[in-house]
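Notes to accompany the following structure.
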Amino acid sequence: MPFQSLRDYLHAVEAQGDLLQIDGADRDEEIGALAEIVAGSARHPMLLFDKIKGFPEGFRVSANTMGGIRRMALGLGLEPALGNIELVQAWKEKLKTFKPMMPKHVGGGPVLENVSTGKEVDLKKFPAPKWHERDGGYYIGSGCCVMMRDAERDWVNMGVYRVVVHDEKTLGIFINHIQQGRQILEQHWSRGKSCPVAISFGQDPALFLAAAQREPWGVGELSVAGWLRGEPVEVLEGEFTGLPIPAHAEIVVEGEIPPVQEEARPEGPFGERTGYYATGMRSEPVVRVARLMHRHQPIIQGDPPLKPVPGMDHFGIPLPAAAVWSALEYAGVPDVCGVWLHGPFATVISIKQRYEGHARQTAAIALGVRTTLALGRFVIVVDDDIDPSDLKDVFWAITTRCDPAEQTEVLKGFPTSGINPRVAPEDREQGHFVSSKMIIDACRPYRWLKDFPPTNVMSAEKKRSIMTKWQSTISKLK
């Protein structure tokens, strides 16, 4: 049975013992600090904040919603007991079954429990947090879904962008120039019109995960979410915009984004998914809110980008790894054993070497996959005895099997994103967004593979048999 709402998912996470509720935190810095501290802990559970200082009880904020690997598997409908690489493989295979499932229009839903329009709209009644210490405002949207209709074709795009509260009736929104949402904005603005928009600030995991993926132009993410859930997403028709409104969402606004020449306000800085502040404060578009809807005891879905290291990354399972794996298979690269992304910068691929040059071929193809283009800086290829999701394993392979003079290569002039912290200030000012990439071949040299010293690591089969015998003792270590 798919999750209808964020709170349904929350209850399932709680049933697994993976939810921590915190009462009485301050939204100014405590919520953000606690989200970061808990995300960096060994268990890193999902968080639910209530009784937030200065706000009514029941006006809640979630955090680290998809940060755990098992938690994200639950949201994807995958088997949480699978291993890390098995989960990426399962997602890769699931993608092959993709069939769009259009949303189902309904006459009502819980999101209409509280509705306000015009002068009654008050965005400041929600405890939008200051997620990072140097953030330039209170961000209600770090785990939101933004819906806009293409001005030229009748399809609705849904993306995840950051949204800040400016005042009771105005939001600020940042959409990178490479995103489809920005291109749709430009379509409307080029006609001298404002762009209608609807934004959900708390929704079921399928909606959020679909919005976060980069689908081809013209593919509606609502239909992707329906496929992912196994049944259509229930939506209402927005009275102000005509856009689809998720019927079970926690909080939704309808409004319009005027051309920046007509109105724009300072936005940022905001701690980005790289773990840095790279874009600073800039003049960005605003959302003029005309209609506000929310459930009783609403939950803001807070998924702030933290330092992208294991446990703290935005998503526990790096879904784009499946795209890299599929691209390698499509190109005919044999014996790919696993792919994992460590944050936005490093792609690690495990192969069973079959011929000389196999590792370099693998890396060269991975460099061209869209997933690795914007921020990916390192492509690391390891042998099949290395777990690409385990940084300790990967580091061991790099430091013991890679000869820097023979097994690394730097390539220059690749396009990169504006949030890349390594872009020099003078290049940033001139709009010169390029960077280099490095291939690290951390495989044992194929030419003398058989003569490479054997490891002192016990075989996986032997370890499994011994672990089965001593399971009661080993379980005490968890």
Paramagnetic label zone (point 7 Å from Cα along Cα-to-C-beta, Lys125; backbone N under 14 Å) in the range 274-295
291-295
Among Phe414, Phe98, Ile439 the positive-end extreme of the charge dipole of the chain (Cβ point charges):
Ile439
Can you figure out the FRET efficiency of Ile37 with Thr400, using R₀ = 41 Å and their beta-carbon distance, to the nearest 0.05?
0.75
About its Cα centre, what dipole magnitude does the chain give when the only charges are +1 on Lys and Arg Cβ and -1 on Asp and Glu Cβ, stated in debye to the nearest 20?
880
Can you grab the distance from the C-alpha centre of the range 228-254 to the C-alpha centre of the range 32-49, Å, no decimals?
29
How do 382-391, 174-183 rank on mean C-beta neighbours within 10 Å, highest first?
382-391, 174-183
Looking at the calculated P(r) for the range 102-233, what percent of the C-alpha pair distances fall above 21 Å?
47
For Lys193, the aspartates and glutamates lying under 15 Å Cα to Cα, once residues fewer than eight places off in the same chain are dropped, come out as Asp150, Glu152, Glu256, Glu262, Glu263
For the table Lys92/Lys392; Lys92/Lys307; Lys104/Lys130, the rows whose alpha-carbon distance is greater than 30 Å are Lys104/Lys130
Using the crude model of +1 on Lys and Arg Cβ and -1 on Asp and Glu Cβ, and no other charge, please compute the dipole size for the range 248-406 relative to its Cα centre, in debye to 20.
280
Over the chain, how many percent of alpha carbon pairs lie in each 10 Å bin up to the one with the longest distance?
4, 19, 29, 26, 14, 6, 2, 0
Stretch Trp217-Asn176 to full length: gain in nm at 0.36 nm per residue minus the Cα-Cα span?
13.2 nm
Any idea how far apart Glu168 and Val457 come out in nm if each label point goes 7 Å out from Cα toward Cβ?
6.1
Which peptide among 271-277, 35-41 comes first, and what is the full order, when sorted by highest mean count of other Cβ atoms within 10 Å?
271-277, 35-41
Spatial separation of Cα centroids for the range 404-446 and the range 318-353, in angstrom:
19
Apply 1/(1 + (r/R0)^6) to the Cβ-Cβ distance of Lys193 and Leu391, taking R0 = 51 Å, and write down the FRET efficiency to the nearest 0.05.
0.55
Would you mind giving the three semi-axes, in whole Å and largest first, of the ellipsoid equivalent to the range 349-427 according to its Cα gyration tensor?
25, 14, 13
Quote the accessible area belonging to Met293 in square angstrom, nearest 10, computed with a 1.4 Å probe and with ligands, DNA and RNA left uncounted.
0
Going by alpha carbons, how many degrees (0 to 90, nearest 10) lie between the helix axis of 30-39 and the longest principal axis of the chain?
20
Over all distinct Cα pairs, what is the inverse of the mean 1/r for the range 262-310, reported as the Kirkwood hydrodynamic radius in Å?
13.8
Just list whichever of Lys51/Lys124; Lys51/Lys125; Lys352/Lys462 have alpha carbons separated by over 22 Å in the model shown.
none
Bridge type composition, the chain - antiparallel percent by DSSP, nearest 5
70
Return the ratio Rg/(2.2 N^0.38 Å) for the range 52-142, where Rg is computed over Cα atoms only.
1.57
CD proxy at 222 nm, helix term only [per DSSP H run n ≥ 4: -39500 (n - 2.57); per residue of the chain; nearest 500]:
-7500 deg cm²/dmol
How would Arg370, Arg428 rank on accessible area, largest to smallest, probe 1.4 Å?
Arg370, Arg428
Over all distinct alpha-carbon pairs, what is the Kirkwood Rh of the range 319-478 in angstrom?
17.3
Using the 2.2 N^0.38 Å rule of thumb for compact globular proteins, work out how the range 156-280 stacks up: its C-alpha Rg over that value, please.
1.08
So the FRET efficiency between Lys104 and Lys53, C-beta based with R0 = 35 Å and rounded to 0.05, is 0.30
Determine the gain in length on full extension of the stretch Val260-Glu409; use 0.36 nm per residue of separation and subtract their C-alpha separation, reporting nm with one decimal.
49.3 nm
Peptides ranked, highest mean first, by Cβ atoms within 10 Å: ranges 318-330, 280-292:
318-330, 280-292
Once the dipole of the chain is set up from charges on Cβ (+1 Lys and Arg, -1 Asp and Glu), the residue from the list Ala327, Val382, Gly172 lying farthest towards its positive end is Val382
Magnitude of the Cβ-charge dipole (Lys and Arg +1, Asp and Glu -1) of the range 152-300 about the Cα centre, nearest 20 debye, reported as 320
When the charge dipole of the range 81-155 is computed with +1 on Lys and Arg Cβ and -1 on Asp and Glu Cβ about the Cα centre, the Cα farthest towards its positive end, among Val111, Gln89, Gly141, belongs to Gln89
Using Cα-Cα distances under 8 Å and only pairs 6 or more residues apart, what relative contact order does the chain have, in percent?
15
With the calculation restricted to Cα positions, what are the radius of gyration and Dmax of the range 337-379 in angstrom?
10.5, 30
In whole percent, how big is the carbon plus sulfur part of the accessible area of the chain, probe 1.4 Å, protein atoms only?
53
Cα centroid separation - the range 144-166 against the range 59-103, whole Å
23
Over all distinct Cα pairs, what is the inverse of the mean 1/r for the range 298-338, reported as the Kirkwood hydrodynamic radius in Å?
12.7
Loop sites in the range 435-478: chymotrypsin sites (Phe, Trp or Tyr not before Pro), DSSP, at most 11 other Cβ within 10 Å:
Trp470
Could you give the length gained on full extension between Asp154 and Arg428, defined as 0.36 nm per residue of separation minus the Cα-Cα distance, in nm?
95.1 nm
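The values are calculated or read from the model by the stated rules, or taken from the named source; none is laboratory data. Just so it is clear, the model here is predicted, and its values are computed rather than measured. Cβ sites come from the backbone with ideal geometry, for glycine too, and all protein chains shown count toward neighbours. SASA here: full protein model, heavy atoms, side chains in, ligands and nucleic acids out. Shrake-Rupley method; radii C 1.70, N 1.55, O 1.52, S 1.80 Å.
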